[in-house]
Amino acid sequence: MPGFEVRQSPRLDLTSHAGLALLGQCFEAALVDPLVDARIPVSQGMKTSDLVKSTTALLALGKSDFEAIEHFRSDRFFKR
């Protein structure tokens with residue numbers, strides 16, 4: 001994922017999803033994929049790191065249960 005600069009803009013409004021890009025960069029910096037996947041094996045065809053990242057993103061958006069992921073299944077930004 002390319003880096004980005006965080007700055008205030010007089011023209012754009014931030015949405016509740018705006019912090020997800022920053023969260024994604026934190027996941028990459030912390031090497032979540034190799035760290036988690038090496039310790040906990042893949043279960044039912046889904047990488048454990050994907051579950052960890054999606055659950056953390058849901059919590060960052062204020063969603064407290066994993067059932068809320070259904071709303072984001074077709075959201076390209078959330079998947080990235």
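The values are calculated or read from the model by the stated rules, or taken from the named source; none is laboratory data. Bear in mind the structure is a predicted one, so any value in this text is a computation, not a measurement. For neighbour counting, all protein chains shown are included, and Cβ atoms are generated from backbone atoms with ideal geometry for every residue, glycine included. Just so you know, the surface numbers come from the protein's heavy atoms only, side chains and all, with ligands and any DNA or RNA stripped out. Shrake-Rupley method; radii C 1.70, N 1.55, O 1.52, S 1.80 Å.
Some observations on this one:
- This model, with +1 at the C-beta of Lys and Arg and -1 at the C-beta of Asp and Glu, gives the chain a dipole about its Cα centre of some 160 debye.
- Heavy-atom accessible area order for V6, V52, largest first, 1.4 Å probe: V6, V52
- Between helix 19-29 and the chain: long-axis angle, C-alpha atoms, 0 to 90°, nearest 10: 50 degrees
- Summed over qualifying helices (DSSP H, 4 residues or more, each -39500 (n - 2.57)) and divided by its residue number, the chain shows a 222 nm mean residue ellipticity of -12500 deg cm²/dmol.
- Helix 48-60 vs. the chain, principal-axis angle (Cα, 0 to 90°, nearest 10): 40 degrees
- For the chain, the fraction of 1.4 Å probe accessible surface lying on carbon and sulfur atoms is 56 percent.
- Rg(Cα)/(2.2 N^0.38 Å) for the chain, N = residue count: 1.21
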